[in-house]
Amino acid sequence: MPRTDFNQLLEAGVHFGHLKRKWNPKMAPYIFMEKNGIHIIDLHKSIVKIDEAAAALKQIVKSGRRVLFVATKKQAKEVVAEKISAIGMPYVTERWPGGMLTNFPTIRKAVKKMATIDKFTADGTYDNFSKREKLQISRQRAKLEKNLGSIADLTRLPAAIFVVDIQKEANAVKEAKRLNIPVFAMVDTCCDPTDIDYVIPANDDATKSIAVVLDAVTAAIAEGLAERKLEKEKEAAKNEKEKDAKPRIKKAAKTEAVKVNEGKDAAAAEEEVAPASETSEANEVKEPADAE
């Protein structure tokens with residue numbers, strides 16, 4: 001996995017924090033200096049944290065689990081939707097639905113409702129509804145697609161969530177912590193990083209900054225998915241070989257059993273011949289005695 005480039009982060013403005021008067025003292029370890037009333041984030045520490053988070057996310061997806069990305073702020077919506085849909089992970093870029101994690105079964109019911117509407121359209125049932133009913137259903141479908149379309153294939157709770165701006169997505173962080181789901185997040189100088197498992201100190205207000213961090217994260221996830229796919233292919237090939245080897249083993253065992261049976265039959269035949277020859281020898285001994 002390639003190391004994050006310092007100059008790339010610098011050009012994207014990842015180092016720009018918030019105004020000094022808005023800072024959170026708990027972010028002090030990640031602040032390099034203050035310039036013109038603005039805190040500057042230490043990019044060397046950002047690089048270490050990005051690489052650490054990327055490695056952890058890679059292992060999560062490599063094990064077959066999923067990561068949910070949450071970014072509902074205007075600057076992050078489009079870039080998150082574009083980059084995360086490319087790697088096939090679920091994401092939320094509209095309003096965070098309350099109980100998304102803590103009341104997950106209810107969210108799944110809403111997703112299934114969307115699938116039911118699609119089924120009506122496919123089998124022709126939709127054509128039997130009145131014009132008013134069609135309009136209501138289409139509006140409901142559009143609303144569900146907007147809010148839940150990006151998590152339609154999330155059939156169980158995610159193994160982790162990645163958040164852009166933990167202040168705006170406070171509800172998502174709270175729900176994740178309540179369920180002991182690890183939280184990865186871009187954290188600016190105005191935020192409290194206490195509840196975040198993997199802190200990435202970075203500017204979370206600029207689209208370029210968000211994009212460059214997501215590039216590093218998605219590259220690691222894509223690598224993990226590729227390795228998982230390769231392992232599954234190797235396992236499938238191994239199972240196929242074992243499957244092909246079983247008939248050969250059975251055939252060999254059957255041949256061995258036939259040979260053993262043939263050996264037993266030959267031994268039994270020898271035993272039957274032996275008593276007959278002994279009897280004939282005894283008769284030959286008796287004949288001279290009778291002659292005397």
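Bear in mind that the values in this text are calculations on the coordinates, not laboratory data. Here the structure is a predicted model, which means the values were calculated and not measured. FYI the Cβ positions are ideal-geometry reconstructions off the backbone, even for glycines, and counts take in every protein chain you see.
Less than 11 Å Cβ to Cβ from ALA56, Lys/Arg counted +1 and Asp/Glu -1: what total charge do the surrounding residues give?
Taking every other residue near ALA56 into account, the sum is 0.
If a paramagnetic tag sat 7 Å from the Cα of GLU11 along the Cα-Cβ line, which residues of segment 24-63 would have the backbone N under 18 Å from that point?
Residues 43-44, 47 fall inside that zone.
Order these by the 10 Å Cβ neighbour count, fewest first: LEU148, LEU179, LEU157.
If I rank by nearby Cβ atoms, fewest first, I get LEU179, LEU157, LEU148.
Nearest 20 debye, what's the magnitude of the dipole of segment 6-235 about its Cα centre given +1 on Lys and Arg Cβ and -1 on Asp and Glu Cβ?
The calculation lands at about 980 debye.
Sort ILE40, ILE107, ILE50 so the one with the fewest other Cβ atoms within 10 Å of its own Cβ comes first.
Neighbour counts put them in this order, fewest first: ILE40, ILE107, ILE50.
Across segment 138-144, in residue order, what do the Karplus-derived ³J(HN,Hα) couplings come to in whole Hz, using 6.51 cos²θ - 1.76 cosθ + 1.60 with θ = phi - 60° and x for Gly and Pro?
Rounded to whole hertz, the list is 5, 5, 4, 5, 5, 5, 5.
Where does each of SER150, SER46, SER85, SER63 land when they are ranked from fewest to most other beta-carbon atoms within 10 angstrom?
Listing SER150, SER46, SER85, SER63 from fewest to most nearby Cβ atoms yields SER63, SER85, SER150, SER46.
From the backbone phi of segment 79-95, what are the Karplus-calculated ³J(HN,Hα) couplings (6.51 cos²θ - 1.76 cosθ + 1.60, θ = phi - 60°) in whole Hz, Gly and Pro given as x?
5, 5, 4, 5, 6, 7, 5, 5, 9, x, 9, x, 8, 10, 10, 9, 4
Could you work out how far apart the two model spin labels at GLU227 and LYS119 are, taking each label as a point 7 Å from the Cα in the direction of the beta carbon, and quote it in nm?
3.9
Write down the Å³ per residue value for the convex hull defined by the alpha carbon atoms of segment 58-168.
Normalising the Cα hull of segment 58-168 by residue number yields 128 Å³.
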